[in-house]
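Comments concern the structure below.
The values are calculated or read from the model by the stated rules, or taken from the named source; none is laboratory data. Values in this document were obtained by computation on a predicted structure and should not be read as measured data. Glycine also receives a Cβ, built like all others from the backbone with ideal geometry; neighbour counts cover every protein chain displayed. Quick note on the areas: whole protein, heavy atoms, side chains included, nothing else; ligands and nucleic acids left out. Shrake-Rupley method; radii C 1.70, N 1.55, O 1.52, S 1.80 Å.
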Amino acid sequence: MAETAERILCISTYEKGQDFMRQCADMGVQPTLLTVDKLRNADWPRDILEDLVTMPPSLSSDQILNTVSWMARGRRFDRIVALDEFDQETAAEVREHMRLPGMNLSTAICYRDKLAMRTSARAGGFLVPEFCGIFSYDALRGYMERVSPPWLLKPRAEASALGIRRIEEPEQLWRTLDELGDEQSRFLLEQFVPGDIFHVDSIVNDARVVFSAVHQYGRPPIEVMHDGGVFTTRTVDRKSEEWRKLTELNAALAPSLGMARGVTHGEYIRAHADGRFYFLEIAARVGGAFIADLVEASTGVNLWREWAKLEVTDLTGEAYLPPRPREDYAGSVLCLAKTADPDTSSFDAPEIVLRMKKQHHAGLIVRSPHPRRVAELLDRYGAEFAERFLARLPPPAKPTA
């Protein structure tokens, strides 16, 4: 008997995307989840999953391709979706192998590889901090003569601030490259630009941004990751120049790397030196560190569910209707905690809309119609979190969520 039900295979090696899968099911599309063995008993939406398949964590992309091909013998998959950034290239390879619609490998790399995205953005006329790939040593010498230190040595394929090293002088770079050995070409060298860092989270449909929200980090993520401290981010005043300029910049840049349909999390810096906005990086995913919850608190838009709507409507041939956002302001405060289950009940402002539940983390999200009130709460709660909860650990070698 011929199959008639549409199916989406979700691939994720981290625990996330439950709302995506539930939205698929709500729209009549059956999701199957492929994840890793250690997450077999994680909090997945088992009641709506057609199947949950696990695999060892160290499989090569060819082995994962073989696994999906084996799964497809018993059911037809119409779409392949990577719920986590680290699975995007694998999902793209599976799509190409199975000749399924969606982002191809070349395009996926532009949203994963920091060198690829910078090269494409600069070619498109966008401002980018001066950078250099780690290939020709003569090119590196010329770069260091032309661009003043400090520099940042960044892994090309890691997310957020993972693995970034600050380089103060040429000899430090050469020593570090010796340590990296054959891995060094998987890094790039970039000018360190002091400034204020913003993130723009958006929805892209038909190669056009149809929704975006602008937020500003308290301290740069690289400082929080490497030096420890409390992570904060808050909605930018919608009447400000920052909101207007970053909305326009992101609307031009986010789809320019090749995305036709999906969600993006982009980061931009306003340089202290000249006040201009520079592109830092962009990912074809929902933001981490509870940023999806922050966006939902400020706008009412659940990016996971909207992403699922994009995939399902494309599959069924229906028109996607962009959300009509609310215009509140929200902010989050988050830190590693010394205790496994920190008690935040003494924080009792009526603006608190979410208390984060994650082991060894303390976190809150606040919402208000007034951006100043959000800023006041984040300043106060950030200081109190640092005093009461904050634990300091070395930066992780790999993402934890």
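Which of rounded, prolate, oblate describes the stretch 33-129, given a ≥ b ≥ c as roots of the alpha-carbon gyration tensor eigenvalues and a/c under 1.5 marking rounded, otherwise prolate only if a/b is larger than b/c?
Working: a/c = 2.40, a/b = 1.89, b/c = 1.27.
Prolate, because a/c is 1.5 or more and a/b exceeds b/c.
At a Förster radius of 56 Å, what calculated FRET efficiency corresponds to the Cβ-Cβ distance of ARG46 and PHE192, to the nearest 0.05?
Working: r = 46 Å, r/R0 = 0.82.
Calculated transfer efficiency: 0.75.
With every protein chain kept in place and ligands, DNA and RNA left out, what is the accessible area per residue of the chain? Probe 1.4 Å, answer in Å².
Values: 18380 Å² over 401 residues.
About 46 Å² of surface per residue is accessible.
Among rounded, prolate and oblate, which fits the stretch 280-342 when a ≥ b ≥ c are the square roots of the eigenvalues of its C-alpha gyration tensor, a/c under 1.5 means rounded, and a/b larger than b/c means prolate? The partial results should precede the final answer.
Working: a/c = 2.55, a/b = 1.93, b/c = 1.32.
Because a/c hits 1.5 or more and a/b exceeds b/c, the stretch 280-342 counts as prolate.
So between ALA252 and LEU59, what do we pick up on full extension, going 0.36 nm a residue minus the alpha carbon distance? All intermediate terms of the calculation are to be shown ahead of the outcome.
Numbers: separation 193, 0.36 × 193 = 69.48 nm, distance 3.70 nm.
Fully extending the segment from ALA252 to LEU59 adds 65.8 nm.
Going by amide H atoms built from the backbone, whose H comes under 5 Å of the H on GLY300, apart from near neighbours?
ARG326
First compute the accessible area of the stretch 1-133 with a 1.4 Å probe, then give the percent of it belonging to carbon and sulfur atoms. Mind dumping the intermediate values first?
Details: 2760 of 5990 Å².
Carbon and sulfur atoms account for 46 percent of the accessible area of the stretch 1-133.
Not counting ligands, DNA or RNA, and with a 1.4 Å probe, what is ARG326's accessible surface area in Å² rounded to the nearest 10?
90
Using the structure shown, select from LYS245/LYS358; LYS114/LYS245; LYS16/LYS114; LYS245/LYS357; LYS239/LYS338; LYS38/LYS357 the pairs with a Cα to Cα distance greater than 28 angstrom. Mind dumping the intermediate values first?
Values: LYS245/LYS358 35 Å; LYS114/LYS245 23 Å; LYS16/LYS114 23 Å; LYS245/LYS357 35 Å; LYS239/LYS338 39 Å; LYS38/LYS357 20 Å.
Checking Cα-Cα distances, LYS245/LYS358; LYS245/LYS357; LYS239/LYS338 exceed 28 Å.
What whole-number distance in Å separates the alpha-carbon centres of the stretch 89-163 and the stretch 228-289?
Taking the Cα centre of each part, the stretch 89-163 and the stretch 228-289 sit 17 Å apart.
On the accessible surface of the stretch 288-350, probed at 1.4 Å, how many percent belong to carbon and sulfur atoms?
Values: 1340 of 2820 Å².
That fraction is 47 percent.
If you add up the charges near GLU241, with Lys and Arg at +1 and Asp and Glu at -1, over every other residue whose beta carbon is less than 14 angstrom from its beta carbon, what do you get?
Working: positive: ARG238, LYS239, ARG244, LYS245, ARG270, ARG276; negative: ASP196, ASP237, GLU242, GLU248.
Result for the neighbourhood of GLU241: +2.
How high is the FRET efficiency from ARG238 to ARG73, r the C-beta distance, R0 41 Å, rounded to 0.05? Write down the numbers at each step before the final one.
Working: r = 51 Å, r/R0 = 1.25.
Rounded to the nearest 0.05, the efficiency is 0.20.
Evaluate the distance, in nm, between pseudo-label points positioned 7 Å from the Cα of THR176 and of SER136 along their respective Cα→Cβ axes.
2.2
Ignoring ligands, DNA and RNA, please state the percent of accessible area on the stretch 163-264 from carbon and sulfur, probe 1.4 Å.
Values: 1960 of 4330 Å².
Carbon and sulfur: 45 percent of the exposed surface of the stretch 163-264.
By the gyration tensor of its Cα atoms, with a ≥ b ≥ c the square roots of the eigenvalues, what is the shape of the stretch 303-401: rounded for a/c under 1.5, prolate for a/b over b/c, or oblate? Intermediate values should be presented prior to the final figure.
On the way: a/c = 3.02, a/b = 1.55, b/c = 1.94.
Since a/c reaches 1.5 but b/c is at least a/b, the shape of the stretch 303-401 is classed as oblate.
PRE reach from ALA319 (point 7 Å along Cα→Cβ): which of the stretch 197-238 fall under 15 Å by backbone N?
206
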